[in-house]
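The values are calculated or read from the model by the stated rules, or taken from the named source; none is laboratory data. Only a predicted model underlies this, so the values are computations on that prediction, with no experimental measurement involved. Neighbour counts run over all protein chains shown; Cβ positions are idealised from the backbone, glycine included. When the accessible area is computed, the model is the full protein with side chains, heavy atoms only, and any ligands, DNA or RNA have been set aside. Shrake-Rupley method; radii C 1.70, N 1.55, O 1.52, S 1.80 Å.
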Amino acid sequence: MQKNKKNDSIPISPILKSLEEDVKYVSFKKSRLIRISIYAVLVAVAISFIAKFLVLLINLVTNISFYGSFNLGFQSPAGNHLGAWVIAIPAVGGILVGLMALYGSKAIRGHGIPEAMEQILVNQSKIKPSITFLKPISSAIAIGTGGPFGAEGPIIATGGALGSTLGQLLKITSSERKVILAAGATAGMSAIFGTPIAAVFLAIELLLFEFSPKAILPVALACITGAAGHHLLFEAGPVFPMPDLETPSNLALAVYSFIGILIGFLSLFLTKAVYVIEDLFEKLPVHWMWWPAMGGLVVGLIGYFYPHTLGVGYDNITSLLSGKVPLALILSLCLFKFLSWAIALGSGTSGGTLAPLLTIGGAAGAIISSVILSLFPNVGISIPMGVLIGMSAMFAGASRAYLTSITFALEATMQSHALLPLLGACTASYIVSFFLMENTIMTEKIARRGVVTPDSYEPDALQKISVGQVMRADNIKLNAAMSIAQVKDRLANNPAKENCFAVVSERAEFKGVVELADIYDVKNNDLSAVERIAKIGIAAIKSNESLRNAVELMAQQEVELLPVVKNHKLIGVLNYRDVISTYKQNFEDNETAVTHISLKRQRMKVLLRGKSMFKKAAENEQK
């Protein structure tokens, strides 16, 4: 925790985030929420145009590299006629990316989201401003020269860097800077795919690690703006069109859920494979600058035999969703797209993971669906639906962004009948991932650096408890007119565990706080009134306020004790020990398993009542 000045006070609570920042302490106000929302929308407008620029730049580099034409229109690298020369093109792109990483910023390496997560968790959401232009350029070079990546990862990283840069220029808190960073990142995703709801969920599950109005509202506005930018700068309608799907039967839902389980295991393998390959690159006796070029050679070699593995591959996803792709092409996309992507990503080049995961998952879903249909023709499933749930389940298992995976598939295809199959498949894949994999493809890298990523979004325990429930009304209070000597006598006769005491007037009005160390300080005259050594100006708190507000006030004023007042009169005090004790009790209450209804006890009660009834009946008969 960074601080402006030395602070020897006892820590307030082990569960709190950093409450002291290199800015003036600012409490949450609705007017600030409006201000942050405006910044988020401005960043979203900018990132929408940057997203368009990135896509055009990728198209330009692709056309120059594979067709020798200066053209901004989309052409798949798979249609090139370069022959064996195609092997060298991704390697040249890797050399350029390596040089940019070496002389620009090493942070451009990777697929963007883990790097943004790391800056949020350990660096107060501060990203180097140079990433704003280095990341899209390096990604355009890597993808345009055949790298098997999507544009979404780079634009998420670029949007996050833009939001973070704006946040560093403004006088705002790190929490507000995090919101602007997440707004920029997810607005970029929304601008690329036109999926604002999925982008909001992505922010919650992978970037914000919270769900509160001050975080969600700016991000939601940014994602809406990004979606508007998508419709303005790209096209309207679903980004991945596919044939209309029918409502599945119960048997089909069960089969789709089973497919989700298989995809979940496949997502584990993919995640482990990526980091095994990354570890192998780490062991090479070659400078890391050359790794992207070495990975590029493998990408080019695979691309020579299987051209559809080159480039972004959004057209491959659309083709898979049509259900009319030849089985040979599906197999090559599943196997060789995976090899090309895993090796390129492990080499540390610049690119995204979402499009490759969707392609591999969709191809795997198509293969599994085809096998099931060949064995059980009347099971009621379809290959397009199998592709869609394969895509979504793969992302759910690899990233554990559960809600993002489901809503992205729905928004990207506009197929509402796919909701239940998606829910079943993604849940199954998520369960497999949760129980069998410690870290995800998004968190493994930063976990190896010692960064702990939150995996749950529980409400703050201190937010649910009021000060009145915890405060102590029987705490020692010192009359302001008492001398220091009188206070010492009182403490000698009634030893106190506290280090601080409230000072009150004759009418019980709060005056200030005096510390035990000041009372026994030899520099202070014992005949002086205790009011003279009391700290005045300590803010009081009301009994109906939350413990979290109390802790924030303690941190702001660097005190161990807060007075609790009503009508300016002291009714109790709250110290940091009370807060820690309450948190501990709350934790134990939630984590300790206790049976509140005993069936054995209930059975005994029934037997006793029955026995009593029979006894009374027997007595009545005798009478």
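At-a-glance table
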item: Solvent-accessible heavy-atom area per residue, rounded to whole Å², over the chain at 1.4 Å; result: 47
item: Isotropically averaged projected area of the range 261-402, using the convex hull of Cα atoms (one quarter of hull area), nm²; result: 8.7
item: Helical mean residue ellipticity (222 nm; -39500 (n - 2.57) per DSSP H run of 4+; nearest 500) of the chain; result: -19500 deg cm²/dmol
item: Whole-percent carbon and sulfur share, accessible surface of the range 461-591, 1.4 Å; result: 46
item: Ordering of 206-214, 391-399, 336-344 by packing [mean C-beta count within 10 Å, highest first]; result: 391-399, 336-344, 206-214
item: Percentage relative contact order, the chain, counting C-alpha pairs under 8 Å, at least six apart; result: 15
item: Helical segments meeting 30 Å axial Cα length and Kyte-Doolittle 0.0 threshold in the chain (DSSP H); result: 30-67, 250-282, 354-375
item: Given charges at Cβ of Lys, Arg, Asp, Glu: the range 461-591 dipole, positive-most of Met482, Asn524, Leu462; result: Met482
item: Calculated P(r) tail over 19 Å for the range 361-443, as whole % of Cα pairs; result: 36
item: Heavy-atom accessible surface of the range 30-233: percent carbon and sulfur, 1.4 Å; result: 73
item: Positive-pole candidate from Leu33, Phe70, Ala228, dipole of the range 30-233, charges at beta carbon; result: Leu33
item: Lys, Arg +1 and Asp, Glu -1 on Cβ, resulting dipole of the chain about Cα centre, debye, nearest 20; result: 1380
item: Cα-based equivalent ellipsoid, the range 320-406: semi-axes from gyration tensor eigenvalues, Å; result: 25, 16, 9
item: Alpha-carbon Rg with Dmax, taken over the range 461-591, Å; result: 15.3, 52
item: Overall Cα dimensions of the range 162-287 - principal axes, largest extent first, Å; result: 56, 51, 30
item: Rg followed by Dmax, in Å, when the chain is reduced to its Cα trace; result: 31.2, 113
item: Computed log₁₀ I(q)/I(0) - Debye formula, equal Cα scatterers, no solvent, the range 126-232, q 0.10 Å⁻¹; result: -0.26
item: Debye, to nearest 20: dipole size of the range 461-591, +1 on Lys, Arg Cβ, -1 on Asp, Glu Cβ; result: 320
item: Hull-based mean projected area of the range 30-233, where the convex hull spans the alpha carbons, in square nanometres; result: 11.1
item: Whichever aspartates and glutamates have a C-alpha closer than 19 Å to that of Lys52, once near sequence neighbours (fewer than 8 apart) are set aside; result: Glu152, Glu235, Asp315
item: Net dipole in debye of the range 314-452 [+1 Lys, Arg Cβ; -1 Asp, Glu Cβ; about Cα centre; nearest 20]; result: 220
item: Among Leu608, Leu345, Gly362 - extreme Cα towards positive end, dipole of the chain, charges at beta-carbon; result: Leu608
item: Unsatisfied cross-links (Cα-Cα over 19 Å) in the set Lys30/Lys569; Lys272/Lys445; Lys464/Lys511; result: Lys30/Lys569; Lys464/Lys511
item: Rel. contact order, % - alpha carbon contacts under 8 angstrom, at least six apart, the range 461-591; result: 32
item: The range 30-233, relative contact order [Cα under 8 Å, separation at least 6], %; result: 28
